[in-house]
Amino acid sequence: MDEVNIVHKGAGSIKESIIKWARTLTPEEIDEGNRKSREASEKEYEEFKAAFEKDMCYICGKPLKTMSSEYPCIHWLLRRGKFRKKDFKHIIKNFNYLRINSYLRWVANQEKFMRNINDLKDEKDPSKLIETTIKYKHIEWSFSCSNEDYKGHEGTQANYPHYHFQMRINNQRFINFSDFHIPFSEEDIFGLTMIHDVGAIESYGPGGIGLELGFSLEPEDIIRHSSVTEKEEEAVYNISTMAQFKDRITGEEIQSLFEESKRTGKTMPQLFSEYGAEVQSIISPHESLPKISKRSGRGK
């Protein structure tokens, strides 16, 4: 197992200092801080997107297929070049968790918006602070951090706040969760504290939206803004609907609504409501969405 030799302060003292400082802020100051963070993230995302469309990296300024030992870069994780597992050490020495996570989210959303990032809280292990899987084409990246990882495993070499990372290529093992204990930077701990303890907005910008945000919308908004697709690789939601009509409705009329749904893309709950029915819908993740990769506990 590889250990990354980075000196790191304990998360507890940093976290307490951040919480203490955050309590001195007014709601207006928190909103202003979030606004500036979103604006900076949106600006950076536009720079990323403009470069990515040209197969270039906005960070190092080199083609995505380029690997230079002098300039380790996150884009290596796209494996356009001859990236090997041992090269991962160079990336995590130069980029922290928040930076790597944001970049991979942005990449995934260039292929299919939102549906390729499974950060659903309902599917996350309650013992995990972080459990996210991101998919792009034939590559899958996963992040995992338990509460014990965040504290650091006392009495072991991994006695510092850290997370684990997994990478799969064509569903084959490339980097395993157990290969690295990756230290959080102080910036990471600040960001995670603001997200999980202070309640500040987690901002990956418009390009970093995952399934959790998609499922946190009001059901009425999901139904109103959704459209029907027969392509499994495009589906995000499963919508099961029960409708109670005021007047008797014939089989022919229901069939006509199904045909209208196929023709217009409107969901059946939308059409039933327009028909005057009382509608109840159950919304769940579609079966084709990426599943969160699970990490087993530490061996005894």
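The values are calculated or read from the model by the stated rules, or taken from the named source; none is laboratory data. Nothing here was measured: the structure is a model prediction, and the numbers come from that model. Cβ atoms come from the backbone with ideal geometry, glycine included; neighbour counts cover every protein chain shown.
Is it fair to say E230 is more than 18 Å from the chain's Cα centre (by Cα) and part of a loop (DSSP other than H, G, I, E, B)?
Yes, satisfied.
If a residue must be outside any helix (DSSP H, G or I) and either surrounded by 12 or more Cβ atoms within 10 Å (Cβ to Cβ) or among the small types (G, A, S) (or both), how many such residues does region 11-54 contain?
1
For region 137-152, what are the residues that are farther than 15 Å from K15 by Cβ and touching a strand residue (DSSP E or B) at 6+ places or on another chain (Cβ under 9 Å)?
H138, I139, E140, W141, S142, F143, S144, S146
Kindly state which strands (runs of 3 or more DSSP E) lie completely within region 72-184 and contain at least 2 residues that are crowded, with 22+ Cβ neighbours inside 10 Å.
Output list reads 128-136, 139-146, 162-169, 180-183.
Look through E70, E39, E44, E29 and report the one residue that is touching a Gly at 6+ places or on another chain (Cβ under 8 Å), modelled with pLDDT under 95 and more than 26 Å from Y150 (Cα to Cα).
After applying the criteria, what remains is E44.
Could you list, in sequence order, all residues of region 266-287 that are among the hydroxyl-bearing types (S, T, Y) and part of a strand (DSSP E or B)?
Scanning region 266-287 gives S281, S284.
Tally time: how many residues in region 173-230 are among the hydroxyl-bearing types (S, T, Y) and within 20 Å of N94 (Cα to Cα)?
2
In region 94-145, what residues are hydroxyl-bearing (S, T, Y), farther than 17 Å from R79 by Cα and in contact (Cβ under 8 Å) with a residue 60 or more places away in the chain?
Y97, S102, T132, T133, S144
Condition test on A277, is it modelled with pLDDT under 85 and under 23 Å from Y45 (Cα atoms)?
The answer is no for A277.
Step by step: first the residues of region 242-282, then only those that are among the acidic types (D, E) and either closer than 21 Å to I222 by Cβ or within 37 Å of the chain's Cα centre (by Cα) (or both), then the one that is surrounded by the most Cβ atoms within 10 Å (Cβ to Cβ). Which residue is that?
E260
Looking at K135, K128 in this structure, which one is charged (D, E, K, R) and within 18 Å of I182 (Cβ to Cβ)?
After applying the criteria, what remains is K128.
Considering only residues that are among the acidic types (D, E) and closer than 30 Å to K137 by Cβ, which ones fall in region 250-300?
Across region 250-300, the qualifying residue is only E287.
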